[in-house]
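Taking it in order: structure first as C-alpha cells, then the write-up.
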Amino acid sequence: MILGLPDTTAYIVCGAFLVMVLVLLLWGLRFREVS
Amino acid sequence: MSDILTIGIVAIYFLILIGIGAWGSRKIKTTEDYILAGRSLGFWVFTILMVASICSGMTLVGVSGLGYSTGWPTIWEQFFVPLSAAFCIILFGVKLHHVGKQAGYMTVQDYFVHRFESPRAIRGLSAVAGVVVSLIYLVGQYTAISIVLMWLFKIPHLQALLVAVIIITLYTVIGGLFAVSWTTLVQGGILIIGVMLTAPVVILKAGGLTHINEVLAGVDPNMVQPWYPSPVYAGYAFATPEFLFSFAIMLMIGLAVAPHVINNVLAAKEDRYFRWSPLIAFVVYVVVMFLVKFAGFAVRVLELEGALALPEAVNAQDFAFMYGIEHAFAAVFIWGVFAVIVLAAVMSTTDRLLLTIGTMFSWDIYHNLFKPTASDREVLLISKIAVVVAAVGSLWLAINPPAMLAWLIWLGIGVMLATFAVPLLGGLYWRRATTAGAIASMAMGLLSAGVFGYWDQYVAKLPVHFSFPALIISLVVLIVVSLLTPRNSDRVLDDTMTGPYIQPRETSKLGVREGIPRKRA
C-alpha cells in the first residue's frame with residue numbers, strides 16, 4: 001500500500017505521469033527553432 | 001454568507017477585469033489586434049491562456065464532483081485534459097503558427113480555406129459548426145458561474161447570471177483578445193495559486209491522503225483501482241478501460257481542436273515558445289487538477305464521517321469543493337477569495353468562447369462568406385455585435401438550462417472532435433487529403449456525432465463515448481473520398497507545410513528547408 005492506495009494503482013498513475021513528462025521533455029529537447 | 005467583505009472582494013475582482021478591458025481597448029487599432037492581440041502574446045501569457053481557456057467551470061465544479069462520486073478510476077481525466085493543451089501546441093500549434101503568421105490567418109478556418117483551396121464550403125461548414133459547438137459550451141459555463149454566485153450571495157439564478165454575463169461581455173467587447181488574454185493571466189494566476197493554497201487544507205482536514213484512500217476503499221474497493229471493471233455495474237462505475245480509451249481520444253484531441261483553444265496558437269508572438277510551453281502547461285494543469293480531484297475525495301470522506309452534508313440536489317456532488325472550503329476555513333473572508341477562484345476558472349473560458357464566436361461570425365461568416373469587401377472597421381464592429389448577441393443568446397438558453405448539462409458539454413466536445421479533428425490532422429500531415437475528402441469528412445463527422453449522440457442518450461447506451469464511432473466514420477470518409485478525388489496542388493501543399501512531420505526537415509539539396517512556405521511577394 002502506498003498512501004492507502006494499492007501498489008498497482010500508485011505505480012500505474014505515477015508511471016503514466018512520468019512517461020507523459022518524459023515525452024514532453026524530449027519534445028522540448030528535440031525542438032528546433034526555425035527563424 | 002453575503003457579507004460586505006465578500007461582496008467587496010468579488011467587486012474588486014470585477015473592477016480589475018473591467019480595468020484590463022479598458023486598457024486592452026486602447027491597444028486595438030485593427031481587427032487583427034482585436035482577434036489575435038496583434039499576434040503579440042508573450043510566453044507566459046500564451047501558456048497560461050492555453051491552460052485557462054481549457055480550464056473551465058468543469059475543472060473546479062465538475063472535477064471535484066467527479067472525484068467525490070467516482071474515486072480514483074476517473075483520475076485519467078486529470079491527465080487527458082492537461083494533455084490536450086500540450087497536444088494542441090505540438091500537433092497543431094507549431095505548423096499553424098508558422099504558416100499562419102506568413103499567410104495572415106485570423107482563425108483556423110483560414111487554414112482550412114488555404115490548405116483545401118475551398119473558399120466557401122469548408123469555411124462555412126466549419127464556422128457554423130464552430131459557432132454551434134461554442135454556444136453549447138457557453139451555456140454550460142454560464143450555469144457554472146450562476147451556481148457559484150447563487151451559493152455565495154444567495155441570490156436567484158437569473159440575477160446571478162445577469163451579473164456574470166454583463167461583466168464578461170463588457171471586458172470582452174471593449175478589450176478583445178488583449179483583454180481576454182491578460183484577464184486570463186490574472187484569472188489563471190488566481191486559480192493556480194488559489195487551488196494550491198486551499199485544496200491541501202481540505203485534504204488535511206479530511207485526515208490526509210492515506211486516510212482518504214482507506215475510507216474510499218471501504219466504500220467500494222474499486223474506488224482505489226486505476227479503472228472500474230467491465231461491464232458497468234453501477235452508475236458511478238462507468239470508467240471502464242474501453243470507456244477510458246474513447247474518453248482519452250475525446251478529451252486529448254477534441255479539446256485540442258476546440259475553436260476557443262486552437263485559435264490561441266495563432267496569437268503567440270514567437271514559434272520558439274512552443275518548445276517548453278507544452279511541458280509547462282501540462283505540469284501546472286496536472287497539479288491543479290489533481291489537487292481539485294483529491295479535494296473531491298476529501299469531501300466524500302468528510303461527508304461519510306458526518307463532518308459535513310452536501311445540499312439535497314440532483315447535482316449535489318458539484319458543490320463538493322465549495323462545501324469542503326466552507327468546512328475547512330472558518331473565515332468568511334476565505335469564501336470570498338474562493339468564490340473569486342471559481343469565478344476566475346469559469347470566466348477565463350467564457351470570455352475566450354465569446355470572443356471566438358464573435359470572431360468566427362464576423363471574420364469567417366460575415367467577411368469571408370457574405371461581404372468580402374467589408375472594411376476592417378466594419379468587421380471589427382460586427383465582431384463586437386456578435387459577441388453581445390452570443391452573450392445574450394446563450395444567457396437566454398442558460399436561464400432554463402437543459403436537464404442534462406454535463407451531457408451537453410461533453411456533446412459539445414464530442415461534436416468538435418468528430419467534425420474538426422480528422423480534416424485538421426489529415427490536412428496538416430497527409431498530402432493526399434483532398435478538398436472533397438475534407439468537406440465530406442467534416443460533414444459526415446458532424447452528422448454521425450449527432451446520430452450517435454442521440455442514440456447513446458435516448459435509444460441505447462454505447463460502450464464507448466458516442467464521439468468515437470463518429471470519429472472513425474469521419475476518418476474512413478476522409479481516406480476513401482480523398483483517394484477517389486484529385487489531390488491539391490503541390491504549391492499549396494508546400495505553402496501549408498503539409499506532410500508527415502511536425503517541424504520542417506532541414507535537408508534540401510538547394511539549401512532550402514523543405515516544408516517552409518515561400519514568402520509571398
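The values are calculated or read from the model by the stated rules, or taken from the named source; none is laboratory data. Keep in mind that this is a model prediction, so the values were computed, not measured. Don't worry about glycine lacking a Cβ; one is built from the backbone with ideal geometry, like all the others, and counts go over all protein chains shown. These accessible areas exclude ligands, DNA and RNA; they are computed on the full protein's heavy atoms, side chains included. Shrake-Rupley method; radii C 1.70, N 1.55, O 1.52, S 1.80 Å.
From B:GLY412, B:GLY336, grab the single residue that is farther than 29 Å from B:VAL201 by Cβ and either touching a Leu at 6+ places or on another chain (Cβ under 8 Å) or open to solvent by less than 40 Å² (accessible area, probe 1.4 Å) (or both).
Values: B:GLY336 fails: farther than 29 Å from B:VAL201 by Cβ.
Only one candidate passes the filter, namely B:GLY412.
Please find, within segment B:1-26, the residue that is most open to solvent (accessible area, probe 1.4 Å) out of those that are among the hydroxyl-bearing types (Ser, Thr, Tyr) and in a helix (DSSP H, G or I). Restricting to residues being among the hydroxyl-bearing types (Ser, Thr, Tyr) and in a helix (DSSP H, G or I), the top hit is B:SER25. Regarding segment B:345-364, can at least one residue be identified that is at pLDDT below 90, of a type in the set (D, E, K, R) and not in a helix (DSSP H, G or I)? No, the conditions are met nowhere in segment B:345-364.
Taking the options B:VAL99, B:VAL61, name whichever one is within 19 Å of the chain's Cα centre (by Cα) and either closer than 30 Å to B:LEU158 by Cα or in contact (Cβ under 8 Å) with a residue 24 or more places away in the chain (or both). Walk me through how you get there before you give the answer.
On the way: B:VAL99 fails: within 19 Å of the chain's Cα centre (by Cα).
Residue meeting the stated conditions: B:VAL61.
This table checks each residue for (1) closer than 29 Å to B:VAL180 by Cα; (2) in a loop (DSSP other than H, G, I, E, B); (3) modelled with pLDDT under 95; (4) within 14 Å of chain A (Cβ to nearest Cβ).
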residue: B:HIS260; (1), (2), (3), (4): yes, no, yes, no
residue: B:PRO278; (1), (2), (3), (4): yes, no, no, yes
residue: B:LEU308; (1), (2), (3), (4): no, yes, yes, no
residue: B:PHE321; (1), (2), (3), (4): yes, no, yes, no
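In segment B:213-225, which residue that is crowded, with 17+ Cβ neighbours inside 10 Å and of a type in the set (A, V, I, L, M, F, W, C) is nearest to B:VAL464 (Cα to Cα)? Among residues in segment B:213-225 that are crowded, with 17+ Cβ neighbours inside 10 Å and of a type in the set (A, V, I, L, M, F, W, C), the one nearest to B:VAL464 (Cα to Cα) is B:MET223. Put simply, of B:ILE48, B:ILE90 the only residue that is open to solvent by 10 Å² or more (accessible area, probe 1.4 Å) and at pLDDT 95 or above is B:ILE90. Filtering segment B:475-496 for residues that are among the hydroxyl-bearing types (Ser, Thr, Tyr), surrounded by 18 or more Cβ atoms within 10 Å (Cβ to Cβ), modelled with pLDDT under 95 and over 18 Å from B:LEU417 (Cα atoms) leaves a non-empty set. For chain A, the set of residues classified as over 13 Å from B:GLN225 (Cβ atoms), among the charged types (D, E, K, R) and either open to solvent by less than 90 Å² (accessible area, probe 1.4 Å) or facing chain B (nearest Cβ under 7 Å) (or both) consists of A:ARG32, A:GLU33, listed by residue number.
Tally time: how many residues in segment B:213-262 are in contact with a strand residue (DSSP E or B) (Cβ under 8 Å, 6 or more places away or on another chain) and of a type in the set (A, V, I, L, M)? Quick ask: steps written out before the conclusion?
At the first step, the residues of segment B:213-262 found to be in contact with a strand residue (DSSP E or B) (Cβ under 8 Å, 6 or more places away or on another chain) are B:213, B:224.
Of the ones still in play, those that are also of a type in the set (A, V, I, L, M) are B:224.
Here the count works out to 1.
Evaluating B:MET196 against the criteria (1) within 14 Å of chain A (Cβ to nearest Cβ); (2) within 20 Å of A:VAL21 (Cβ to Cβ); (3) over 20 Å from the mean Cα position of the chain (by Cα); (4) outside any loop (DSSP other than H, G, I, E, B) leaves one unmet condition, (1).
Look at B:VAL265 and say whether it is in a loop (DSSP other than H, G, I, E, B), at pLDDT 90 or above and out of contact with any Ser or Thr (no Cβ under 7 Å at 6 or more places or on another chain). So B:VAL265 does not fit the description; no.
Yes/no per residue for (1) away from chain A (no Cβ under 11 Å); (2) assigned to a helix (DSSP H, G or I); (3) touching a residue at least 40 places away in the same chain (Cβ under 8 Å):
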{"position": "B:GLU214", "(1), (2), (3)": "no, yes, no"}
{"position": "B:ALA217", "(1), (2), (3)": "no, yes, no"}
{"position": "B:TYR228", "(1), (2), (3)": "yes, no, yes"}
{"position": "B:TYR236", "(1), (2), (3)": "yes, no, yes"}
{"position": "B:VAL257", "(1), (2), (3)": "yes, no, yes"}
{"position": "B:VAL284", "(1), (2), (3)": "yes, yes, yes"}
{"position": "B:PHE290", "(1), (2), (3)": "no, yes, yes"}
{"position": "B:PHE294", "(1), (2), (3)": "no, yes, yes"}
{"position": "B:ALA298", "(1), (2), (3)": "yes, yes, yes"}
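Going by the structure shown, is B:SER375 farther than 18 Å from B:THR349 by Cα and surrounded by 21 or more Cβ atoms within 10 Å (Cβ to Cβ)? So B:SER375 does not fit the description; no.
Scan segment B:166-186 and tell me whether some residue there is of a type in the set (A, V, I, L, M), touching a helix residue (DSSP H, G or I) at 6+ places or on another chain (Cβ under 9 Å), assigned to a helix (DSSP H, G or I) and more than 25 Å from B:LEU380 (Cα to Cα). Yes: one or more hits.
Restricting attention to segment B:353-380, which residues are touching a residue at least 12 places away in the same chain (Cβ under 8 Å) and more than 21 Å from B:TYR137 (Cβ to Cβ)?
B:TYR366, B:HIS367, B:ASN368, B:LEU369, B:ASP376, B:VAL379, B:LEU380
In segment B:54-160, counting only helices (runs of 4 or more DSSP H) that sit wholly within it, none holds 3 or more residues that are at positive phi, β-branched (Val, Ile, Thr) and touching a helix residue (DSSP H, G or I) at 6+ places or on another chain (Cβ under 6 Å). Give me the residue from segment B:226-254 that is in contact with a Pro (Cβ under 6 Å, 6 or more places away or on another chain) and open to solvent by 10 Å² or more (accessible area, probe 1.4 Å) and, out of that set, farthest from B:TRP410 (Cα to Cα). So the residue we want is B:TRP227. Within segment B:28-41, can one find any residue that is more than 27 Å from B:TYR137 (Cβ to Cβ) and open to solvent by 10 Å² or more (accessible area, probe 1.4 Å)? Yes - at least one qualifying residue is present in segment B:28-41.
Considering (1) within 26 Å of the chain's Cα centre (by Cα); (2) open to solvent by 10 Å² or more (accessible area, probe 1.4 Å), the lone condition that B:THR210 does not fulfil carries the number (1). Scanning segment B:27-45 for residues that are at pLDDT below 85 and at positive phi yields a total of 2.
For segment B:115-128, indicate whether the set of residues that are among the small types (Gly, Ala, Ser), buried (at least 24 other Cβ atoms within 10 Å of the Cβ) and more than 20 Å from B:ILE365 (Cα to Cα) is non-empty.
Of segment B:115-128, the ones among the small types (Gly, Ala, Ser) are B:118, B:121, B:124, B:126-127.
Still in the list and also buried (at least 24 other Cβ atoms within 10 Å of the Cβ): B:126-127.
Remaining after also requiring more than 20 Å from B:ILE365 (Cα to Cα): none.
No, because not a single residue in segment B:115-128 is among the small types (Gly, Ala, Ser), buried (at least 24 other Cβ atoms within 10 Å of the Cβ) and more than 20 Å from B:ILE365 (Cα to Cα).
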